[in-house]
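These notes are about the structure you will find just below.
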């Protein structure tokens with residue numbers, strides 16, 4: 001059976017791709033955005049929500065026994 | 001960052017008049033669509049909690065839902081932010097000396113065009129459609145005497161007021177730069193005269 005750790009590794013790969021794209025996007029915003037509080041606020045909201053979702057997912061992942069296998073038969 | 005008090009290639013005695021973006025209503029329909037996409041995992045969770053709670057107790061389903069749902073949400077959130085960025089970084093700046101058009105294309109494309117006010121020949125404001133009329137937004141087309149034939153301020157608020165102000169500012173600037181204005185019109189006239197001469201020549205040669 002496939003262990004939960006494989007699912008977690010797959011999630012990490014996609015989350016890394018997201019982090020890279022988010023970094024580039026935030027960089028563009030900071031570089032070309034108007035110098036005012038709205039720019040910082042909008043970027044802050046984006047970062048806060050993204051980090052919250054990542055943190056919640058990580059906390060769920062650490063609550064799992066990652067060595068346990070995925071039993072797909074229970075889904076059907 | 002774009003500092004409105006220190007614009008690039010600043011001209012002496014230049015003052016900011018307008019900093020314009022597209023009207024926020026232009027984002028409305030797209031943002032509503034993307035917000036529905038972003039909240040889809042939560043809606044599915046609420047549905048399952050209400051109508052099929054047993055499936056949520058299945059650990060395998062839980063793991064797929066949490067990992068898959070979080071990735072889906074993160075990328076939808078990123079696309080929403082990029083959509084907003086495209087709106088936020090497009091702008092038109094009107095000062096007492098020039099008009100600056102800043103256009104962001106995706107993440108890696110940016111075009112900045114500048115036009116001196118004394119080169120402006122004509123300004124046209126257009127408001128077309130129900131929502132445009134209700135929320136008073138539209139296009140302002142600025143016709144020039146230069147290489148770039150026209151600038152377009154797209155879907156900006158109060159286009160008639162902006163057009164009137166740009167026209168007034170261009171008249172003031174033209175008085176201050178009379179020599180350059182005459183030279184511009186003379187050059188345009190010379191180009192037109194040369195073109196007419198060529199047309200006459202071709203007519204005589206063809207005997208039409």
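Taken together, the values in this text are just the output of simple stated rules run on the coordinates, not laboratory data. Values in this document were obtained by computation on a predicted structure and should not be read as measured data. Glycine also receives a Cβ, built like all others from the backbone with ideal geometry; neighbour counts cover every protein chain displayed.
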If you average the alpha carbon positions of region B:101-157 and of region B:22-85, how far apart do those two centres end up, in angstrom? 36 Å
Using the Cα atoms as the points, what is the convex hull volume per residue of chain B in Å³? 227 Å³
When chain B is treated as a GNM, springs tying every alpha-carbon pair under 10 Å, which of B:161, B:97, B:195 comes out with the largest mean-square fluctuation? B:195
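Would you mind ranking B:177, B:23 by Cβ crowding within 10 Å, fewest neighbours first? Walk me through the intermediate numbers first.
On the way: B:177 16, B:23 21.
Fewest to most other Cβ atoms nearby, the residues stand as B:177, B:23.
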Using a 10 Å cut-off around each Cβ, can you sort A:20, B:85, B:7 from fewest to most neighbouring Cβ atoms? A:20, B:7, B:85
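Can you show me the helix-derived [θ] at 222 nm for chain B, built from DSSP H runs with n ≥ 4 at -39,500 (n - 2.57) apiece and divided by the number of residues, rounded to the nearest 500. Numbers along the way, then the final one.
On the way: 7 runs with 114 residues, N = 208.
My calculation for chain B gives -18000 deg cm²/dmol from helical runs alone.
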Remind me, relative contact order of region B:1-93 in percent, using alpha carbon pairs under 8 angstrom and six or more residues apart? 52 percent
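Per DSSP helix of 4 or more residues, -39500 (n - 2.57); summed, then divided by the residues of chain A. What does that give at 222 nm, rounded to the nearest 500? Provide the component values of the computation, followed by the final result.
Working: 2 runs with 56 residues, N = 76.
About -26500 deg cm²/dmol.
Under the rule a/c < 1.5 gives rounded, and otherwise a/b versus b/c splits prolate from oblate, where does the protein assembly as shown land using the Cα gyration tensor? Let's see the in-between values first.
Values: a/c = 3.04, a/b = 2.66, b/c = 1.14.
Prolate is the answer for the protein assembly as shown, as a/c is 1.5 or above and a/b outweighs b/c.
Taking beta carbons within 10 Å but only from partner chains, what does the mean come to for residues A:1-13? If you can, show how the numbers build up before the last one.
Numbers: counts 0, 0, 0, 4, 0, 0, 6, 2, 0, 3, 6, 1, 1.
That works out to 2 on average.
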If B:77, A:6 are placed from fewest to most neighbouring beta carbons inside 10 Å, the sequence is A:6, B:77
Going by a ≥ b ≥ c, the root eigenvalues of the Cα gyration tensor, does region B:67-160 fall in the rounded group (a/c under 1.5), the prolate group (a/b larger than b/c) or the oblate group? oblate
Given N residues in chain A, what is Rg(Cα) / (2.2 N^0.38 Å)? 1.53
